[in-house]
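Heads up, the thing below is written out as structure tokens.
The values are calculated or read from the model by the stated rules, or taken from the named source; none is laboratory data. Since we're looking at a predicted model, the values are computed, not measured. Heads up, the Cβs are rebuilt from the backbone with ideal geometry, glycines too, and the neighbour counts pull from every protein chain shown. These accessible areas exclude ligands, DNA and RNA; they are computed on the full protein's heavy atoms, side chains included. Shrake-Rupley method; radii C 1.70, N 1.55, O 1.52, S 1.80 Å.
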Amino acid sequence: PHIVIHNGIDTDIFSPASNTQEIRHKLGIQQNEMMILGVANIWNERKGLEDFIELSKHISKNTKIVLVGLTKKQSRELPPNIVGIHRTESIKQLAEYYSAADLFLNLTYEDNYPTTNLEAISCGTPCLTYHTGGSAESITQQVGYVVKQGDLSSVLKCISTITPQNKTHISIQCRKHALNSFQRNDRFHDYINLYKTILCL
């Protein structure tokens, strides 16, 4: 017998920020521009860095990509429509980046159950991910998109469906999903209940 208990996050910390316009302004994102966010501890081929760079060649002129966690060397080599940010140690700042984005994009090729997906959705931002490992398990039709690995054509189609008008509705669904599924205290109770069940066998 086996039971799956997913990881949880602090949904109080990772919650929609109120200063999103200020954050976007600091990043150089104009009011009429779309912001796509990617986050990784280490950016490499496994995390889809090359796919982000290829994607930047095909997105519209009013769309910018922001990547968090890059090295200085990687930042210097980025195309003009990708904003590179070095790793941040501030959870609050990371939550602000998630909240300011119109879409969180996870183009990972190897992963388990990435916490970044949970954090973005909890901040009210829809997530688009490759069907990699457990990355798709946190996504429902109401809060994001799942496409096959390397399918940048489908990624572009999904991006085109997100507008400022429907972002508000999606954000509400994202937050609702996070509170129902990602709260770490609920996951702790899942473990406790499992242990109690085992002890009673």
#### Entry: Enumeration of residues in region 1-13 that are open to solvent by 20 Å² or more (accessible area, probe 1.4 Å) and modelled with pLDDT of 95 or more
8, 10, 12, 13
#### Entry: Set 50, 45, 22, 54: member being of a type in the set (Asp, Glu) and more than 26 Å from residue 132 (Cα to Cα)
22
### Task
Identify, by number, the condition in (1) surrounded by 15 or more Cβ atoms within 10 Å (Cβ to Cβ); (2) in contact (Cβ under 8 Å) with a residue 12 or more places away in the chain; (3) farther than 25 Å from residue 93 by Cα that residue 142 doesn't meet.
(1)
### Message
Can you confirm whether residue 110 is in a loop (DSSP other than H, G, I, E, B) and closer than 20 Å to residue 48 by Cβ?
### Response
yes
### Query
For region 159-190, what are the residues that are open to solvent by 50 Å² or more (accessible area, probe 1.4 Å), hydrophobic (A, V, I, L, M, F, W, C) and under 12 Å from residue 6 (Cα atoms)?
188
### Query
Taking residue 20 and the conditions (1) at pLDDT 95 or above; (2) surrounded by 18 or more Cβ atoms within 10 Å (Cβ to Cβ); (3) polar (S, T, N, Q), which numbered condition does it fall short on, given that it satisfies the others?
(1)
### Summary
Flagged pairs (Cβ under 7 angstrom, 6 or more apart or on separate chains; first in region 151-167, over 13 Å from residue 60 (Cβ atoms); second among the charged types (D, E, K, R)) are 152/51; 152/54; 167/102
### Message
Suppose the filter is in a loop (DSSP other than H, G, I, E, B), more than 30 Å from residue 1 (Cα to Cα) and at pLDDT 95 or above; does residue 140 pass it?
### Response
no
